[in-house]
1. Could you say whether any residue in segment 52-61 is more than 25 Å from ALA106 (Cβ to Cβ) and without any contact (Cβ under 8 Å) to a residue 12 or more places away in the chain?
2. Considering every residue within segment 29-40, establish whether at least one is part of a loop (DSSP other than H, G, I, E, B), crowded, with 16+ Cβ neighbours inside 10 Å and either over 10 Å from the mean Cα position of the chain (by Cα) or not hydroxyl-bearing (Ser, Thr, Tyr) (or both).
3. Taking segment 55-98, which residues are closer than 13 Å to GLU42 by Cβ, charged (D, E, K, R) and not in a strand (DSSP E or B)?
4. Collect the residues in segment 41-53 that are of a type outside the set (A, V, I, L, M) and modelled with pLDDT of 95 or more, keeping them in residue-number order.
5. Could you grab me the full set of residues in segment 32-48 that are among the hydroxyl-bearing types (Ser, Thr, Tyr) and under 26 Å from ALA13 (Cα atoms)?
6. Evaluate segment 14-23: report whether one residue or more is exposed (fewer than 12 other Cβ atoms within 10 Å of the Cβ) and in contact with a Phe, Trp or Tyr (Cβ under 7 Å, 6 or more places away or on another chain).
7. What number of residues in segment 62-79 are of a type in the set (A, V, I, L, M), farther than 15 Å from ASP12 by Cβ and touching a residue at least 24 places away in the same chain (Cβ under 8 Å)?
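The values are calculated or read from the model by the stated rules, or taken from the named source; none is laboratory data. Owing to the predicted nature of the structure, the values given are computational and were not obtained by experimental measurement. FYI the Cβ positions are ideal-geometry reconstructions off the backbone, even for glycines, and counts take in every protein chain you see.
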Amino acid sequence: MTNPYIIDCTGDAVVGDEVKFERAIFTGSYPKSKFSHNETIEAVIVADSYGEKKQQHTFMLLLLNGEKTRIKGRNLYRNKVFRKPWFDESKRVEALQEKHNRGDLARTERIIRKELAY
C-alpha cells in the first residue's frame, strides 16, 4: 500500500488536515528524563487556537483510536508533518488564509499589550 501522507505541511497545518508525524517519547521526569523512542502519530486536526498571553499555536488532534490530544505547534512541526491531499484543495487554501489572519491578529495584539505594559 502506498503512503497517503505525501504533502509536507510543516509550519502550515490547518484544521481538517489528516496528518502523520513523529514525536519523541521520554522516560523519567524532568530534569533527568531520557529519550526512549519516536512515536508515529496519525490524526486529524479538529481545532486550533492561539494562546491569549503568548500566542502559542496549539492544535487539538483526533487520534485514530478516537482519543483527543493537544499539541503545541512547535512540537507538532518539530520533525516534519505530512498530510493527505484534500478532496478540494481550494477549501484548504481558505482554511489556511483564515488561520494566517488569526495568527497575524494574535501577534499584533501581543505587541500592543507589550507596548502598553511599558
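1. Scanning segment 52-61 turns up no residue that is more than 25 Å from ALA106 (Cβ to Cβ) and without any contact (Cβ under 8 Å) to a residue 12 or more places away in the chain.
2. Looking for residues that are part of a loop (DSSP other than H, G, I, E, B), crowded, with 16+ Cβ neighbours inside 10 Å and either over 10 Å from the mean Cα position of the chain (by Cα) or not hydroxyl-bearing (Ser, Thr, Tyr) (or both), one finds none in segment 29-40, hence no.
3. Of everything in segment 55-98, those that are closer than 13 Å to GLU42 by Cβ, charged (D, E, K, R) and not in a strand (DSSP E or B) turn out to be GLU67, LYS84.
4. Within segment 41-53, GLU42 is the sole residue that qualifies.
5. THR40
6. No, segment 14-23 has no match at all.
7. Looking only at that region, the number is 1.
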